[in-house]
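A.B. asks: Before I ask anything, here is the structure I am working with.
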Amino acid sequence: CGAGRHARALETRGTRPVGLDLSWPLLVRARQQTTAPLVRADMRALPVRPGTMDLTLNLFTSFGYFESDAEHARVLGEMVGTLRPGGWFVIDFLNQQFVRETLVREEDTTLGGHQVRISRHITPDGRFVVKTIATDDGKHFLERVRLFSAAQLERMMRAEGVHTRHRFGAFDGTPLTAASPRVILMGQRA
């Protein structure tokens with residue numbers, strides 16, 4: 001659930017969200033935003049009773065961090081497994097074609113009061129985009145995300161019994177195209 005802003009937004013609309021994140025610091029921040037139950041857990045083994053959710057969300061590229069596609073499929077299965085029949089699954093992911101065409105390889109900026117150098121590249125096999133952040137105080141952070149096409153994500157969802165009903169290319173609801181910055185898929189569990 002990250003820092004809790006989506007849980008708060010869902011709460012204000014009358015739903016009863018449950019937030020889940022592996023990061024303890026993010027859950028602490030989320031507690032300042034929402035009164036929803038918050039759970040610290042790994043998405044590869046969700047501590048949610050199967051078939052109990054009306055909606056499961058995976059937002060802002062919170063997917064694609066594992067080594068193998070089998071692990072990614074297992075994670076997707078864990079998320080979909082939380083849904084009751086007829087429940088909805090939404091995944092918001094980066095659009096691999098857009099990333100490949102617009103990748104900013106190097107940039108200098110300020111984050112949290114520190115000068116940072118951000119470097120990005122696509123691995124030689126073309127499967128991952130890698131971002132390295134080097135701070136002016138000598139710290140280094142690495143993020144690696146698997147690049148999936150919309151079709152690949154839809155196949156993975158279909159394999160778990162979710163039928164895609166809506167496809168968007170941005171948060172404003174524009175249609176998904178090759179030039180879209182995002183892949184937002186909304187599907188319903190059979």
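A.B. asks: Rounded, prolate or oblate: which one fits the chain, using the alpha carbon gyration tensor with axes a ≥ b ≥ c (rounded when a/c is under 1.5, else prolate when a/b beats b/c, else oblate)?
C.D. replies: oblate
A.B. asks: Given the DSSP H assignment, sum -39500 (n - 2.57) over each helix run of at least 4 residues in the chain and divide by its residue total; what's the result at 222 nm in deg cm²/dmol, nearest 500?
C.D. replies: -7000 deg cm²/dmol
A.B. asks: D for segment 22-124, whole µm²/s, Stokes-Einstein with Kirkwood Rh over alpha-carbon pairs at 4 °C and 1.567 mPa s: what number?
C.D. replies: 78 µm²/s
A.B. asks: Give the share of C-alpha pairs in each 10 angstrom bin for segment 80-120, from 0 to the last occupied bin, in whole percents, shortest bins first.
C.D. replies: With a bin width of 10 Å, the distribution comes to 21, 25, 25, 20, 10.
A.B. asks: By the gyration tensor of its Cα atoms, with a ≥ b ≥ c the square roots of the eigenvalues, what is the shape of segment 101-190: rounded for a/c under 1.5, prolate for a/b over b/c, or oblate?
C.D. replies: prolate
A.B. asks: Is the C-alpha gyration tensor of segment 8-73 telling us rounded, prolate or oblate? Criteria: a/c under 1.5 is rounded; beyond that, a/b larger than b/c is prolate, otherwise oblate.
C.D. replies: prolate
All of the numbers you see were taken from the coordinates with simple rules; none came from a lab. These figures come from a predicted structure and were not determined experimentally.
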